[in-house]
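Everything below concerns the one structure shown next.
The values are calculated or read from the model by the stated rules, or taken from the named source; none is laboratory data. Here the structure is a predicted model, which means the values were calculated and not measured. With ideal geometry, Cβ positions are generated from the backbone for all residues, glycine too; neighbour counts draw on all protein chains shown.
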Amino acid sequence: MADTAVHTREGAEQAARPSLLNRIFLHNLSGKIAAIPMMATVLIVFIGCTVWTIYFSFTNSRLLPTGKFVGFDQYERLFATSRWNVSVTNLVTYGVFSLVFTLGIGFLLAVLMDQKIRFESAFRTIMLYPFALSFIVTGLVWQWIMNPTLGLQGTMRNLGWESFTFDWIANPRMVLFALLIAGLWQGVGFCMVLMLAGLRGVDEEIWKAARVDGIPTWRTYVSVVLPMMRGVLVTAVVLIGSGIVRLYDLVVALTNGGPGISSEVPAKYVYNYMFGGGNIGQGLAAATMMLVTVLIIMVPWAYLEFGGRGRR
Amino acid sequence: MQASVSIKDLSLNFGHVKVLEHLDLDIAQGEFIVLLGPSGCGKSTLLNCIAGLLDVSDGQIFINGKNVTWEEPKDRGIGMVFQSYALYPQMSVERNLSFGLRVSGMPKAEIDQRVKRAAEILQIEPLLQRKPANLSGGQRQRVAIGRALVRDVDVFLFDEPLSNLDAKLRSDLRVEIKRLHQRLKNTMIYVTHDQIEALTLADRIAIMKNGVIQQLADPHTIYNKPVNLYVAGFIGSPSMNFVEGTLNGDTFTSNDGTAMPVGAYEYIAAPTGETKVVLGIRPEHIFVGDAAADMPFKTEVEIEIVEPMGSETLAWTKIAGLPMTFRCSADIDINAGDKITVGFDIARGSLFDAGTEARL
């Protein structure tokens, strides 16, 4: 290794500066050509559109992105709008519960599946099935189930249990948890499969060693196995997290933001203002705030994870 | 003296597959027993049964006179070392050693003292704060041994502990384990498929095949007086030469008609009349040159292949029409194509019944 490094540096000095352009463009040319489509996508779609979004969020554009620069006006209006503030609060509440319960229930189910049970693959399929449905279908199904007159509550009352109440979907205080039920029903199975793969990756002999050491099973899971599953946990958190931030279709299908504005979420706010309300400037300001929030969470984490030199 | 580990009539079935069958084994206090056999012979399974990691189908296991057949592994007074080390990867070496003790609620001072002692015995004190990922294979295995050591148990179980190491480390750590045994004088049960490890470490070797112990004896007996054809062929590298033939009185006649005197062979039970037998003779018991002249049986052979090994030379030839290897000093100059006289004494070899494959 060291030898080669020294060699390369000497070679570079001998060949000197003229070949610099040569090296940038011609060295490994086919590889660079192959990377062009992806690099173009990243530059134009990801970075370009982000810059475009941020720029027009500072204009007073309405139906078309043509307005003139108005500074932070859109942002002042955004934070003065109660619908936006409710959306953000909702997303934070939903996000925390969703993350905790998806990971918790997913891990618990994975542990149960890991007990060498019979018909494991059948259970796995059943658990994973909701994941194959789109959020729209999930939302519709749960809308029917939770509909106070047609769904579970109506059925139970018709059966004679007059006082039975399950009206979360119509209750502004509980509607978020109605969303959560549908969201968990859809997402937990996938999390379980991820966790199960992680559990299966743990060497059988680790378990044996823990048994010889006299460590209780639950303690082995918590102190030994969970820390070993760090990679799987990070994957799961990233997937669940991105699902939470872009939460939109489930809300549209299940509650459409209601009752009132009690189940609005930021992505829906952005959509409504851009395409429904004909207020591009306001929608883009909201979108930019979502981006900023994600960056505030991601940047410190990425720094911790990849920043320090010499760490794993 | 009371046996340290005693296994009585142990059987283990997985469904219809019989892995262990009516197995008996008594291990004395402080004895080093090696379970040796090819993969799938049930040696690791037996060890897991002793450790309590597998439930037995039938039979009993006693450790220090206590029936532990249905005890949890932690209550059996055993420590175990695994092939893959099985260290807890996210914990430092020190926590790896102390984790089990902490969980059991032992006072901190006692834990520290035990960890310190184990680290001192295994010379891993400088490594205590490191994570297993930052250790070499040999160091990891030391830590794994340390984790068994801090449990302060009477019986150590080793499940192929050196198989993941390279040849050099393996021989180093082998000596290390032997030293450890001499110092601690614990009972040790050691599973391996490596016959060198078995021969060098063991007080007694149990050679297993298909879930049955073929022979249980000290390394010298196993090597020189194998109890059947299987053991004879399994132990020794290069393996024993076999010649099929018939035994009649004091003469062994090979299938191609070469007659050899049996001489002072020590029979377990001398057969009467004509018997089909297999003669086994170790490569180092075939002599060349002056030494061959004194042997009861001499013949002229042509050398086919010579393998110089540094300290000795291995030669391939044919005796009685069958391929044979013999070992000789590296000082003797032999080359492929040479015709030389070799000789051996059947009394130093082994005779097996061709039918039952048992030693005669």
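When residues of the range B:105-125 are filtered for being in contact (Cβ under 8 Å) with a residue 12 or more places away in the chain and part of a loop (DSSP other than H, G, I, E, B), how many remain?
2
List the number of the failed condition for B:Phe62; all other conditions in (1) part of a strand (DSSP E or B); (2) within 10 Å of chain A (Cβ to nearest Cβ); (3) among the aromatic types (Phe, Trp, Tyr) hold.
Of (1) part of a strand (DSSP E or B); (2) within 10 Å of chain A (Cβ to nearest Cβ); (3) among the aromatic types (Phe, Trp, Tyr), only one is false for B:Phe62: (2).
Only one of (1) modelled with pLDDT under 90; (2) within 14 Å of another protein chain (Cβ to nearest Cβ) is not met by B:Phe99, so which one is it?
(1)
Is it true that A:Pro227 is within 14 Å of chain B (Cβ to nearest Cβ) and either touching a residue at least 12 places away in the same chain (Cβ under 8 Å) or not polar (S, T, N, Q) (or both)?
In short, yes.
Can you go through A:Gly160, A:Gly189 and tell me which one is more than 30 Å from B:Gly52 (Cβ to Cβ), away from chain B (no Cβ under 14 Å) and either of a type in the set (Lys, Arg) or touching a helix residue (DSSP H, G or I) at 6+ places or on another chain (Cβ under 7 Å) (or both)?
A:Gly189
Would it be correct to say that B:Asn134 is within 28 Å of B:Ser4 (Cβ to Cβ) and of a type outside the set (Gly, Ala, Ser)?
Answer is no for this residue.
For the range B:252-271, give me each residue that is free of Cβ contacts under 8 Å to residues at least 12 places away in the same chain and surrounded by 13 or more Cβ atoms within 10 Å (Cβ to Cβ).
Correct list: B:Thr253 only.
Does B:Val143 satisfy the criteria of being in a loop (DSSP other than H, G, I, E, B), within 24 Å of B:Ile78 (Cβ to Cβ) and within 14 Å of chain A (Cβ to nearest Cβ)?
no
For every residue, the table says whether it meets (1) surrounded by fewer than 22 Cβ atoms within 10 Å (Cβ to Cβ); (2) more than 8 Å from every other protein chain (Cβ to nearest Cβ); (3) aliphatic (A, V, I, L, M).
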site	(1), (2), (3)
B:Ser39	yes, yes, no
B:Asp58	yes, yes, no
B:Asn67	yes, yes, no
B:Gln90	yes, no, no
B:Ala109	yes, yes, yes
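Consider A:Arg246 carefully, then state whether it is at pLDDT below 90 and within 12 Å of chain B (Cβ to nearest Cβ).
No.
May I ask you to verify whether B:Ser84 is under 24 Å from B:Leu184 (Cβ atoms), in the same structural domain as B:Asp9 (by TED's automatic domain parsing), out of contact with any strand residue (DSSP E or B) (no Cβ under 9 Å at 6 or more places or on another chain) and assigned to a loop (DSSP other than H, G, I, E, B)?
Judged against the criteria, B:Ser84 is a match.
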